[in-house]
Amino acid sequence: MIVITTRGLGGLRAALLGSVAAELMAAASRPVVVLSEAAAADAA
Amino acid sequence: MGATVLCAVDDSGAAGRVLDTACWLADALHERLVVVHVVPGSARDGDDLVASVRARLGDEQAEVRVVSGSPAEAVRDTVDEEDAAFLVVGSRGQGSLGAAVLGSVSRALAAEARCPVVVVPSVEPWAVADGAAYASVVCGVDGSDEAVAGAVFADRLAKRLGWRLVVVHARQNVRAMASGVVGQARLRRCLSLSPIARPGG
């Protein structure tokens, strides 16, 4: 399992999901746990 | 029973694997599983899917919600209503073009959901039965505050699963490793970790 955070990018966050996170989500052979800026703040 | 693992499924062929992963995670963390399916029209349009989800789970009483509306918005609303601890979705990745055609719903949810989003691979043979065999949580970090928070989350998750935590800090050139060492010291303080090995160190 892979855990990765993605940083907020203003109003275009959905379109501009971090490139590393997007690549992992598309290509990883294991589940990828993605923490958005809001989720990371809650997790801290 | 603790918090909620919310699983969003569609009627694609990958839905079974997404559902199995959510079920496994809820069991492993002793949390409640709720399945949500979004339909464009009447909620009754999802009756067949509800039946197939319950059959796959082997539980006729499993909580399955069918909601209508925009998929990303409806799932996000359900995350908030349930105060979900995790959201599980499929990736719909497509090999080498995966980054370009990654499902728009998964992308939007991963970027904006208020809880961690577990994206289940659709192209590789990930199977829940393999979960115990992998037994590692790998966390990628850079020097950001968000990454440190992610590492703290990964540490907690690994402990709850009884898995090993591996923190990875990748740099494109060796000269940049010096600043990475500063980040490692901060991570060690946050996670109470022993020193992290450096390549060749």
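The values are calculated or read from the model by the stated rules, or taken from the named source; none is laboratory data. All values reported here derive from a predicted model rather than from experimental measurement. All Cβ positions, even for glycine, are placed from backbone atoms using ideal geometry, and neighbour counts span all protein chains on display.
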Checklist entry - Across segment B:1-17, what is the total count of residues that are within 18 Å of B:Arg54 (Cβ to Cβ), at pLDDT 90 or above and of a type outside the set (Ser, Thr, Tyr)? => result 5
Next on the checklist: Checking the structure you have, find out if any residue of segment A:12-31 is more than 7 Å from chain B (Cβ to nearest Cβ), under 14 Å from B:Ser91 (Cα atoms) and at pLDDT below 85.
Outcome noted: yes
Next on the checklist: Could you go through segment B:92-103 and let me know if any residue there is at pLDDT 85 or above and either small (Gly, Ala, Ser) or under 25 Å from A:Leu24 (Cβ atoms) (or both).
Outcome noted: no
Checklist outcome for this item: B:Arg56: passes all of (1) farther than 30 Å from B:Trp163 by Cα; (2) of a type outside the set (Gly, Ala, Ser); (3) more than 14 Å from every other protein chain (Cβ to nearest Cβ) but (1)
Item to check | Residue that is modelled with the lowest pLDDT, among those in segment B:159-187 that are under 18 Å from A:Val32 (Cβ atoms) and either buried (at least 21 other Cβ atoms within 10 Å of the Cβ) or in contact with an Asp or Glu (Cβ under 8 Å, 6 or more places away or on another chain) (or both) | outcome: B:His169
Checklist entry - For segment B:145-168, which residues satisfy the criterion of being within 10 Å of A:Ile4 (Cα to Cα) and among the acidic types (Asp, Glu)? => result B:Glu146
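Report those helices (runs of 4 or more DSSP H) wholly inside segment B:7-93 carrying at least 2 residues which are closer than 21 Å to B:Ala111 by Cβ and in contact (Cβ under 8 Å) with a residue 60 or more places away in the chain. Reasoning before the result, please.
On the way: elements: B:15-29, B:47-57, B:71-82.
Helices (runs of 4 or more DSSP H) meeting the threshold: B:15-29, B:71-82.
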Checklist entry - Considering only segment B:104-124, how many residues are more than 12 Å from the chain's Cα centre (by Cα), outside any helix (DSSP H, G or I) and small (Gly, Ala, Ser)? => result 1
Checklist entry - Do we find that A:Val34 is under 10 Å from the mean Cα position of the chain (by Cα), at pLDDT 65 or above and surrounded by fewer than 17 Cβ atoms within 10 Å (Cβ to Cβ) in this structure? => result no
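Report yes if some residue within segment B:5-12 is among the β-branched types (Val, Ile, Thr) and farther than 18 Å from B:Ser122 by Cα; otherwise report no.
Yes, segment B:5-12 contains a residue that is among the β-branched types (Val, Ile, Thr) and farther than 18 Å from B:Ser122 by Cα.
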